[in-house]
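Let me begin by presenting the structure, written as structure tokens, before commenting on it.
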Amino acid sequence: MKYNGPKFKLCRREGVNLFGIPKYDVRKRKKLPGQHGASMPRLSEYGKLLRNKQTLKRTYLLKEKQFKQTIMDKAGRYSKNKGVAHDEAAVQFLERRLDSVLLRAGFAKTIMQARQIAAHGHFLLNGNKHKVPSYLVKVGDKISLKEKLKTSSLYSDIPLNEGGFKLPSWLNVDKEKLEIELLDMPRVDEISLPADILKAIEFYARA
């Protein structure tokens with residue numbers, strides 16, 4: 001089921017800022033959401049794995065079925081066929097989604113905004129119309145902003161090399177053309193995630 005409620009509530013539930021901007025700083029309210037706002041209980045080993053998995057799933061704003069299929073079915077098969085570590089494969093599938101690429105490239109401030117601008121067709125993929133946020137970008141693909149949107153205030157302050165923003169090594173951004181190119185496969189050691197991808201894999205492997 002798609003979650004349409006307050007995003008800050010998700011952050012409070014997991015005890016971390018899932019979306020990386022001050023608006024979702026959980027230090028403002030440390031108690032869990034709900035009428036009585038209890039503090040986080042002590043968790044069993046299973047509970048820790050569950051919360052870890054939920055944190056990652058919510059970071060990418062995926063439904064349970066989508067997330068499991070991505071990191072277990074798709075990444076699992078790819079890992080076996082290509083000899084890539086399972087966690088590396090999982091990150092590659094998560095980070096090559098079009099919405100993830102737009103976020104990492106600095107064209108959006110949150111995954112929510114990235115998904116919205118992708119779904120609204122703001123970008124061309126290799127020169128063609130495209131509006132599927134879940135599309136897996138391939139190495140060599142070029143994502144370019146539509147010409148009529150290049151003067152939009154939405155894209156006037158792309159933070160490339162500014163204010164501590166760090167562009168991943170697998171992406172190249174042409175700030176003049178407002179174009180993104182996937183240079184290589186994403187690397188797990190370059191991604192700062194709020195939870196452990198290996199523990200998410202362990203959670204599903206135990207189920």
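Fewest-first ordering of Y60, Y204 by other beta carbons within 10 Å of each residue's beta carbon gives Y204, Y60.
Distant-in-sequence amide contacts of L171, defined by a placed amide H-H separation under 5 Å and a gap of 5 or more residues or a different chain, comprise L183.
In the structure shown, the pairs K109/K150; K146/K166; K146/K175; K74/K166 are assessed against 20 Å; a Cα-Cα span above that value is assigned to K146/K166; K74/K166.
Once semi-axes √(5λ) of the Cα gyration tensor in Å is calculated for the structure shown, the corresponding label among (i) 30, 22, 14; (ii) 22, 21, 16; (iii) 37, 21, 16 turns out to be (i).
Here the simple spin-label model places points 7 Å from the Cα toward Cβ, and for A119 and L50 these points are separated by 2.8 nm. Once the Cα-Cα distance is subtracted from the 0.36 nm per residue extended length, the K138 to F165 segment shows a gain of 7.4 nm. Helical content alone sets the calculated 222 nm signal of the chain at -10000 deg cm²/dmol, taking -39,500 (n - 2.57) per DSSP H segment of four or more residues and averaging over every residue. For a straight C-alpha distance cut-off of 15 angstrom, the aspartates and glutamates reachable from K9 (same-chain residues fewer than eight places away being disregarded) are D25. Between R42 and A207, residue separation times 0.36 nm minus the direct Cα-Cα distance comes to 57.3 nm. Using a simple spin-label model with pseudo-atoms 7 Å out from Cα toward Cβ, Q69 and D196 lie 2.9 nm apart. For the chain, leaving out every one of the GluC sites (Glu not before Pro) that falls in a DSSP loop and has at most 14 other Cβ atoms within 10 Å, the longest unbroken run is 1-161. For the stretch 97-184, rounded, prolate or oblate, judged on the Cα gyration tensor with a ≥ b ≥ c (square roots of eigenvalues), a/c < 1.5 rounded, else prolate if a/b > b/c? It is rounded, given that a/c, with a ≥ b ≥ c, falls under 1.5. As a rough footprinting exposure proxy, the listed residues H130, H122 were ranked by other beta carbons within 10 Å of their own, and the order from fewest upward is H130, H122. Segment K129..R27, full-extension length gain: 32.6 nm, with 0.36 nm per residue of separation and the alpha-carbon distance subtracted.
Bear in mind that the values in this text are calculations on the coordinates, not laboratory data. No experiment lies behind these values; they were computed from the predicted model shown. Cβ coordinates were reconstructed from backbone atoms using ideal geometry, including for glycine residues, and neighbour counts include every protein chain displayed.
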